[in-house]
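Okay, so here's the structure we're looking at.
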Amino acid sequence: MSRSITGAVAKWSDGPRRRAAMAVASLTAAAVGLSVLAGGTASAGAAAGGGAGPVVTRAALDPALVAGRGASVGFAEQEAENAATNGTVIGPGRTAYTLPAEASGRRAVSLTPGQYVEFTLPAAADAITVRYSIPDAPGGGGITAPLDVTVNGKNRTTATLTSQYSWLYNQYPFSNDPNAGLLHPDYWVTECGCVPAATTPAPEFATPFRPNHFYDEQRLTLGRKYRAGDKVRLTVPAGSKASATTIDLLDSQLVGAPHVAVVAANVLAFGADPSGRRDSADAIDRAIAFAKRTHLKVYIPPGTYQVNRHIVVDDVTIEGAGSWYTIIKGHEVALTTPLPDGSVHTGVGFYGKDAAAGGSSNVHLSGFAVEGDVRDRVDTDQVNGIGGALSNSTIDGLYVHHTKVGMWFDGPMTNLRITNNVITDQIADGLNFHTGVTHSLVSNTFVRNSGDDGLAMWSEKTGNAGNTFDHNTVQTPVLANGIAIYGGTDNTVSDNLIADPIREGSAIQVGSRFGSEAFTGHLWITDNTTVRAGTYELNWNIGLGAIWFFALEKNIDADIRVTGDHFLDNTYNAIMLVSDWPVKDLYSISNVHFKDIRVDGTGTSVVSGRAAGSSSFENVDARNVGAVGVNNCGSFHFTPAGSEFALTDLGGNDGGGTTGPWLAPWELPNTITCDDRPAVVAPPAPSAW
């Protein structure tokens, strides 16, 4: 099941620091600082790419800046703001609860009926994915609206966009009702600087309160192969119910022919319906049972198959024709009686057996899509695309969409290899290794628009060990972090690309929280790139680092090495080490070593120290630094001996910004340079080093 606490940071306890952190005046100041980054709205009539060649990006960056990092995907990304349009570019902006903040690259194009955005194909393609946002219904629940698609002005098809899976509101775990009052009036609310239930007169909040999760995406086949240079135009037709249609980006690709397995248990022979009109769950179960008896694979040919419950898998191989061809699609179904695990709904998903029942082994899933129907967040529900315990197994080439969590694994379990998948538009995490997952890999997987951590290892009660997240791309996690590691032993995060975290988290987090076991052994964080990270933390009222270490429940003192990473266009700090105020004298962060790091642009400092402990720095080069290089508050005792956090200079730490060298001798080892909320200075766009 999903965790009962989100990746969001818990509120501060009472105390001077908390009261200062929650001051409304500081919130306003932070918003003003971000507005420098936000720019404004401008006409896109002369947008880059209008009449020029196609602009292909990766995470809205020049691909040369992230070469060799992130997932290698079969599609070309083109941002709408770089295409030809008669609409309006919105952004850039990084303030949460706004359309620009949740857009890739923090910009998008807004179209009214009659307006268009036109993309020039950079390579041959027969399929596209459109990332978009349309308004919610006034009372919630979403609307549908048309979008015309033409290629070279011909072959018009009309896609039906929907906002039924987007637009959440209010406090965690959120509401679908834009007019709802506070879900937790006993929580501290930054917007009023108070606990509403304990305040007289009670504060009033405009609705909708904290709208978020604006975007969705839709895949479309073009009916034939088109050439590089052909033009795909997206037009909002007259009469659309959507007052504005926001186009974020278009991915184009050549899908190729469907995979065919001739010698296999074909689900059609067992009564599966490829039209999607009849439920095919029982037929797939029969095919699995036959395949296990006869030692065959299960093959699911092209089609859309309705499945409204879990397909339990063990010792079986299931192959589809490819994720564009074989679609397993289901409704979320309310249960008449809650299950023992607390689930009140079920829905489409492929699940290994529960770990308490021995788990599953030798499961191999490949080449199909899982299309869910999850529209709100119920953390006790098992409505994930892939779930359960899967050992000695593989998951390859899936597309998982509109489930709660794309893939959630409850161990103990071992040796699972997850490769070449796309996970998008989730209500909660993209993928989570939860509890005792060992010697497992997630590689070359693309995650976009998760509602919580994009990729997570969560060592709750039983530690994860020996796992690797390698060469993955995580974009626009709406809440929490791109990649989060909560405790564990000997894990690795390498060669990933993480872009545009939105709020209450950042690109990479190393956290002692959520009941996780301690960090032991080593943790390698190697050769990753983050961009436009370091969010504004609403509960604390401060900016986070692109990578942040958070000691909430235990010391963080394993051998942690951050090596070869690039932190680009950081909204606030590149690096942050922090402990929560109530435990600042209990837990510390030490034995963290930074080496061969590039920091290109910070809104504030390179390093923010808000905990006791220490770290070392070697060959950390920084440029375009907006504030003093080290913002060292320690644990906020401000003793004559200096900060409780010490920095060790191992040499080769070069560069800086407006205040001189970022790691100047006068800052070492523990000079107090504390500025609780330094002004944000927008850095220039990243460039070649």
Karplus-derived 3J(HN,Hα), 6.51/-1.76/1.60, for each residue of region 376-386, Hz, glycine and proline x
8, 9, 10, 5, 7, 6, 9, 10, 9, x, 10
Once both axes come from the Cα atoms, what is the angle between helix 281-294 and the longest principal axis of the chain, in degrees from 0 to 90, rounded to 10?
80 degrees
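Could you please put L390, L220, L650 in sequence from largest to smallest accessible area, using a 1.4 Å probe?
Working: L390 0, L220 35, L650 95 Å².
Greatest to least solvent exposure: L650, L220, L390.
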May I ask for the distance between the Cα centers of region 287-339 and region 603-640, given as a whole number of Å?
51 Å
Under the 7 Å Cα-to-Cβ spin-label approximation, T221 and Y187 lie apart by a distance in nanometres of 4.3 nm
Nonlocal amide H pairs with G613, under 5 Å, H built at 1.01 Å:
I589, F645, A646
If amide hydrogens are placed 1.01 Å from N in the peptide plane, which non-local residues have theirs closer than 5 Å to the one on T489?
N464, A465, G466, T520
Amide H contacts under 5 Å for A622, placed H, 5+ residues apart
V599, D654, G655, G656
Could you tally the net charge around L398, taking each other residue with its Cβ under 12 Å from the Cβ of L398, Lys/Arg +1 and Asp/Glu -1?
-3
Roughly how big is region 91-138's charge dipole about its Cα centre, with Cβ charges of +1 (Lys, Arg) and -1 (Asp, Glu), in debye to the nearest 20?
240 debye
Between helix 24-38 and the chain, what is the angle of the helix's C-alpha long axis to the longest principal axis, kept within 0 to 90° and rounded to the nearest 10?
60 degrees
Ranked order, D379, D62, D453, D596 - accessible area, probe 1.4 Å, largest first:
D62, D596, D379, D453
Considering only DSSP beta bridges with both partners in region 470-579, what is the antiparallel share in %, to the nearest 5?
5 percent
Rounded to whole Hz and in sequence order, give me ³J(HN,Hα) for region 205-218 from the Karplus expression 6.51 cos²θ - 1.76 cosθ + 1.60, θ = phi - 60°, writing x for Gly and Pro.
10, 5, 10, x, 9, 6, x, 7, 6, 7, 9, 9, 9, 9
Tabulate in residue order the Karplus-calculated ³J(HN,Hα) for region 670-681, using 6.51 cos²θ - 1.76 cosθ + 1.60 with θ = phi - 60°, rounded to whole Hz; enter x for Gly and Pro.
8, 5, 6, 10, 5, 10, 4, 9, x, 4, 8, 10
Taking the Cα centre of the chain as origin, work out the dipole magnitude from +1 charges on Lys and Arg Cβ and -1 charges on Asp and Glu Cβ, in debye rounded to 20.
1320 debye
For region 478-508 and region 141-176, what is the separation of their Cα centres, given in Å?
28 Å
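Find, among the chymotrypsin sites (Phe, Trp or Tyr not before Pro) in region 327-385, those assigned to loop by DSSP (not H, G, I, E, B) with at most 15 other beta-carbon atoms within 10 angstrom.
Values: sites: F350, Y351, F368; in loops: F368.
Here no loop site has a sparse enough neighbourhood.
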Place a label point 7 angstrom from the Cα of H593 along the Cα-to-Cβ direction, then list the residues of region 492-528 whose backbone nitrogen is under 17 Å away.
492-493, 520-527
Excluding ligands, DNA and RNA, the carbon-plus-sulfur percentage of the accessible area of the chain with a 1.4 Å probe reads 55 percent
Percent of beta bridges antiparallel (DSSP, the chain, rounded to nearest 5):
30 percent
Lysine pairs in the chain with Cα atoms under 27 Å, if 8 or more residues apart or on separate chains
24
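Whenever you get a sec, line up H310, H439 from highest to lowest accessible area (probe 1.4 Å, protein heavy atoms). Write out the running numbers ahead of the final one.
Details: H310 45, H439 120 Å².
Of H310, H439, the descending order of accessible area is H439, H310.
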Place a +1 charge on the Cβ of each Lys and Arg in region 316-409 and a -1 charge on the Cβ of each Asp and Glu, then give the dipole magnitude about the Cα centre in debye, rounded to the nearest 20.
40 debye
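The values are calculated or read from the model by the stated rules, or taken from the named source; none is laboratory data. Note that the structure is predicted; figures quoted are calculated from it, not measured. Virtual Cβ from ideal backbone geometry, glycine too; neighbours counted across all protein chains shown. Note: areas computed on protein heavy atoms with side chains; ligands, DNA, RNA excluded. Shrake-Rupley method; radii C 1.70, N 1.55, O 1.52, S 1.80 Å.
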